[in-house]
Amino acid sequence: MDDTGQKLLSRRVPNDPGALLGQLEPFGPRLKVVVEATFNWYWLVDLLEDHGLEVTLAHPLYLKAIAYAKVKTDKVDAHTLAQLLRLGYIPEAWICPRELRATRDLVRRRNRLVNVRAGLLRDVQIQLMKANVRLGRNEVKAIDGRHLRRLLDHPHARRVGLAYLHTIEALTREIRDLDAEIRRSLRRSKPILLLESLPGIGRTLAATIHMETGPIDRFASAKNYCSYCRVAPTISQSGSVTRRGRNSKQGNRHLEWAFSQAANLAIQHYPPIKALHQRLLCKKKKRILAKAIVTHKLAHAAYHVLHKEQPFEMEMMTS
């Protein structure tokens, strides 16, 4: 498309670098390209940037002109993206530097395996409840095959329970190996050390927050950062009516998970945060809301820790 919006070429091209570059070559090196941030955008953005093209990565969630279109095809989507790029209305997503992407994906996959393991532990708990055996979360974590066989009478119920336990053991080994690889890859860089000074944040959560945040100066304020972390409520206002809602899909889900886990640990093991949580509960806040406030304050403090390059102080959760 040219500067006036006139369509110059519309064509489906195979996922082949040579074929793609061959189609773009006649339009010169000053071509601007927009790519939607699908799950596999890495190779395409790298290819285009390596050949000197200016690439904009479009955030799929905010492309409402595409999402709300009555006719939605690849051809229509491509035309709409080109028009938005020409007008300067593309909602941009962050292009993570290529040297960090593999490490970031390593951290993400490790966290994914942790979530899968947590789901299997819940399945073991449910299997035991069917036999009227009620164990707490920590008790289920400590259970072994011999103990499980004593608790479950029917051989098929035992087999299901053992299948869960064997999978959990395999996942635990893989998670342990991934943890070691993450430690070797990230070492103890300054951002990691600064994040570890926050309550509830250890090496793994610090690695997640560091890799998902990227350069802290890409956020104009702590408010912007908290919104990106999904720890600030959405607001819908019309006239005199204002509604606050959830943060579903609004921001980075990995940061939301990391700060939520940090809040749980801080409330349990860090007395000042535990006291803050209790004060919120005394103000007749619901438990889920009290935890959400603590999570928001932790993300707020993390911004100041990274922005000021200073270790955590309690004032950062109130400033």
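Read the figures in this text as sums done on the coordinates, not as results from a lab. Only a predicted model underlies this, so the values are computations on that prediction, with no experimental measurement involved. As a convention, Cβ positions derive from the backbone with ideal geometry for all residues, glycine included, and neighbour counts pool all protein chains shown.
Name the trypsin sites (Lys or Arg not before Pro) in the stretch 22-84 that are in a loop by DSSP and that have at most 10 other C-beta atoms within 10 Å, would you? List each step's numbers first, then the result.
Working: sites: Arg30, Lys32, Lys64, Lys70, Lys72, Lys75; in loops: Arg30, Lys70, Lys72.
Here the sparse-neighbourhood loop sites are Arg30, Lys70.
Check Cys229: other-chain or 5+ apart residues with amide H under 5 Å from its amide H, H built from backbone geometry?
Asn252
If you average the alpha carbon positions of the stretch 252-294 and of the stretch 53-100, how far apart do those two centres end up, in angstrom?
Centre-to-centre distance over Cα atoms comes out at 36 Å.
What ranking of Ser260, Ser197, Ser10 emerges when the number of other C-beta atoms within 10 Å of each C-beta is taken as an exposure proxy, fewest first?
Numbers: Ser260 19, Ser197 15, Ser10 10.
Starting with the residue having the fewest Cβ neighbours, the order is Ser10, Ser197, Ser260.
Please give the charge dipole size of the stretch 17-87, origin at the Cα centre, charges +1 on K and R Cβ atoms and -1 on D and E Cβ atoms. Round to the nearest 20 debye. Numbers along the way, then the final one.
Numbers: 7 positive and 8 negative charges, 96 e Å.
For this selection, approximately 460 debye.
On a straight-distance basis, which aspartates and glutamates could pair with Lys141 in a cross-link, Cα separation under 20 angstrom, same-chain partners fewer than 8 positions away excluded?
Asp123, Glu169, Glu174, Asp177, Asp179
Step through the residues of the stretch 21-36 one at a time and calculate ³J(HN,Hα) from phi using the Karplus curve (6.51 cos²θ - 1.76 cosθ + 1.60, θ = phi - 60°), rounding each to whole Hz and writing x for Gly and Pro.
Along the stretch 21-36, the couplings run 5, x, 6, 8, 4, x, 8, x, x, 8, 5, 9, 10, 10, 10, 6 Hz.
Spin-label point model (7 Å from Cα, Cβ direction): what's the Asp105 to Thr167 distance in nm?
2.4
Please list the non-local residues whose amide H lies under 5 Å from the amide H of Glu36, H modeled 1.01 Å from N, same-chain partners needing a gap of 5 or more.
Ala58
Sort Asp50, Asp74 so the one with the fewest other Cβ atoms within 10 Å of its own Cβ comes first.
Details: Asp50 11, Asp74 8.
Listing Asp50, Asp74 from fewest to most nearby Cβ atoms yields Asp74, Asp50.
Just want the ordering: Cys226, Cys96, Cys282, from fewest to most Cβ atoms lying within 10 Å of their own Cβ.
On the way: Cys226 23, Cys96 17, Cys282 9.
Starting with the residue having the fewest Cβ neighbours, the order is Cys282, Cys96, Cys226.
For the chain, what's the radius of gyration and Dmax over Cα atoms, in angstrom?
Gyration radius and largest Cα-Cα distance of the chain: 24.3, 76 Å.
By how many nm would the segment from Asp3 to Val116 lengthen if fully extended, with 0.36 nm per residue of separation less the alpha-carbon distance?
Roughly 35.8 nm would be gained on extension.
For the chain, give the share of DSSP beta bridges that are antiparallel, in percent and rounded to the nearest 5; count only bridges with both residues there.
Details: 6 of 11 bridges.
The antiparallel fraction comes to roughly 55 percent.
Quick one: 3J(HN,Hα) in Hz for the stretch 115-122, Karplus 6.51/-1.76/1.60 with θ = phi - 60°, rounded, Gly and Pro as x.
Here the 3J(HN,Hα) series is 5, 5, 4, 4, x, 5, 5, 5 Hz.
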